[in-house]
Amino acid sequence: MRTFEGDIMGVETKCKEYDKNRPAWDLVRDAIDGEDTIKAKGTLYLPKPEGMEKEEYQSYAARVHWFNATGRTAKGLHGMVYSKPPILDNCPEALKKVLEDIDREGTNIDQFSSDLTWDALATNWGGVLVDYPQADEKLDKGSAEREGLRTYAAWYSAESIINLRKKTVNHQQIITLVVLHEPYEKIGSNEFSTEIKNRYRVLDLDEATGTYRQRIFDEDGDQGLSVPTSEVHPKKQGKELDYIPFFTFPGREPEKSMIFDLACENVGHYQKSADFENGLHLTGIPTPFATCQAPVDKNGDPVKVKLGGNSFLYLGDPAATADYLDFKGEGLSALEKAILNCEERMAILGARIISAEKKGVESASAARIHRAGENSVLASFALNASDVLTAVIREIGSWENISGSDKVTYKLNTEYDVEEMEAQLFSALTSAHVQNKIGRKVYFYNLKKNDRVPDDMDLEAFEKDIADSTEDHGPDGDDANSSAEGTDDEKNAKVGAAQK
């Protein structure tokens, strides 16, 4: 990110990338939130047709409903990533204890990663700050722990990161400035009222010393946002840092959300649906008319004609004809087709969970190809997120001086298109294994790949399970009480079932 150049501005200055991306972030978040949020934005998402009066527009907007393909897709994508639990590997027990409450608000690492993944799906941007509460430097570790002082992680959404600056040092880009907006609620003029105040946390490398410092600018302070209300130089193991422990998520720069295009299409669907519903309202109710002058009363005012019952209405002109207006145009058909096309485009863009079932049977290979693009984008997101979360966990372990923290890894699920093992393939694998044409390791690999063994089972446990099953059913794999040998196919089937 690059900051504004030119005029000197205050701490609340937003960088160009922030202003550039903010409308897209708002659009996707509103689309995910659904109908209430979309309708509350009024003409932003549903422009008022030219010539339509205010009351007419209110009715026009009330008739249409938001088809929340974006929200459903976001939930589906999040569900794919967490369809299997994240894997925390090589983690020391002391660090696991810290990760049970990673943010000092009772959130464990898995829930923390789930929350920030959900938040970043809408924006593809955010950040995690690893921090340590300011305390008396003379406190030993035991005393600090008793006072609840320890390293923690804090998530900042895309909208909170209003400014960020980097520079290249020794051929590597490092963050030199981050400005975080932290609005907070304060009790107002009486105990029942509140007001929102603005606070800005500035993380930078002090130009004089080159070390990391934090400054807080609070508009409720004595001098507002003109000077910091506090300034600290955080220390790790008693030493100041030469870097900022802020980790952008999931990548180095803000990029377009994977569901932005879907959200745009969703808005178009909403607008077309509003026109369609309005058209149905205008043309769906038969409107009577007569080819004559409207009758007037003695004062010259038009006579109000009431419809209903079995009465026949005579309008006074023998030459007049009467009929009902009947809509015969193609306008609504064209709108309906446009809406269907829009839904198809949404399906192509990722809303598989809301597309209609196909009439024919789609082969497994065709289904995989059909979804390959979506899975590759989501898998890339999850891999990047895993790298960031691993770095955050290692940083926490380093601050806590926990040995072995640099070996920790944290991995989110990236397998979303698990192939269902066909009966023919399973039979062939089992037969080949029984005939010693493939070994147990290859056989187990294929079963594991196709979700045919428990997630927590490894090869050693698999072989022990086979051994235990063999002991239970006799040395030949048959029940000890059975004397029938059976055919070769029956024996192969029994062995296959035991190994499964």
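The values are calculated or read from the model by the stated rules, or taken from the named source; none is laboratory data. From a predicted model like this one, the values you see are computed outputs, not experimental measurements. Positions of Cβ are backbone-derived with ideal geometry, glycine not excepted, and every protein chain shown enters the neighbour counts.
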Item to check | Per-region count, segment 389-423, residues buried (at least 16 other Cβ atoms within 10 Å of the Cβ), assigned to a loop (DSSP other than H, G, I, E, B) and at pLDDT 95 or above | outcome: 3
Checklist entry - Among the residues of segment 454-462, is any assigned to a loop (DSSP other than H, G, I, E, B), at pLDDT below 95 and closer than 23 Å to Leu77 by Cα? => result yes
Next on the checklist: Here is a check on your reading of the model: is Ser333 modelled with pLDDT of 80 or more, of a type in the set (S, T, N, Q) and part of a loop (DSSP other than H, G, I, E, B)?
Outcome noted: no
Item to check | Residue ranges of helices (runs of 4 or more DSSP H) in segment 27-123 with at least 1 members crowded, with 16+ Cβ neighbours inside 10 Å and charged (D, E, K, R) | outcome: 35-40, 69-81, 109-123
Item to check | Complete set of residues in segment 234-263 that are more than 19 Å from Ala391 (Cα to Cα) and either in a loop (DSSP other than H, G, I, E, B) or small (Gly, Ala, Ser) (or both) | outcome: Gly238, Glu255, Lys256, Ser257, Met258, Ile259, Ala263
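Per-residue answers, yes or no, for (1) touching a residue at least 24 places away in the same chain (Cβ under 8 Å); (2) of a type in the set (Asp, Glu); (3) in contact with a Leu (Cβ under 8 Å, 6 or more places away or on another chain); (4) on the phi > 0 side of the Ramachandran plot:
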| site | (1), (2), (3), (4) |
| --- | --- |
| Thr37 | no, no, no, no |
| Thr43 | no, no, no, no |
| Glu55 | no, yes, no, no |
| Asn68 | yes, no, no, no |
| Gly71 | yes, no, no, no |
Next on the checklist: over 30 Å from Trp25 (Cα atoms), among the polar types (S, T, N, Q) and either part of a helix (DSSP H, G or I) or modelled with pLDDT of 60 or more (or both): which single residue out of Ser273, Ser365, Ser311 fits that description?
Outcome noted: Ser365
Next on the checklist: Considering only residues that are part of a strand (DSSP E or B), over 27 Å from the mean Cα position of the chain (by Cα) and more than 15 Å from Ile244 (Cα to Cα), which ones fall in segment 160-195?
Outcome noted: Lys186, Ile187, Thr194, Glu195
Next on the checklist: Take the conditions in a helix (DSSP H, G or I) and either closer than 26 Å to Trp155 by Cβ or not acidic (Asp, Glu) (or both) and apply them to Leu225. Does it pass?
Outcome noted: no
Item to check | Residue under evaluation Arg22, criteria (1) closer than 30 Å to Gly404 by Cβ; (2) part of a helix (DSSP H, G or I); (3) among the charged types (D, E, K, R); (4) within 23 Å of the chain's Cα centre (by Cα), criterion not met | outcome: (1)
Next on the checklist: Name the single residue that is farthest from the chain's Cα centre (by Cα) among those in segment 215-263 being among the small types (Gly, Ala, Ser) and surrounded by 15 or more Cβ atoms within 10 Å (Cβ to Cβ).
Outcome noted: Gly221
Checklist entry - Quick one: what pairs do we get from segment 264-283, first residue closer than 26 Å to Thr123 by Cα, second among the hydroxyl-bearing types (Ser, Thr, Tyr) and modelled with pLDDT of 90 or more, C-beta under 6 Å, 6+ apart or different chains? => result Asn266/Thr70; Val267/Tyr45
Next on the checklist: If Gly106 meets every condition in (1) on the phi > 0 side of the Ramachandran plot; (2) in contact with an Asp or Glu (Cβ under 6 Å, 6 or more places away or on another chain) apart from one, which number is that one?
Outcome noted: (2)
Item to check | All positions within segment 126-159 that are outside any strand (DSSP E or B), in contact with a Gly (Cβ under 8 Å, 6 or more places away or on another chain) and modelled with pLDDT of 95 or more | outcome: Ala158
Checklist outcome for this item: A careful count of residues in segment 264-279 that are of a type in the set (S, T, N, Q) and under 18 Å from the mean Cα position of the chain (by Cα) gives 1
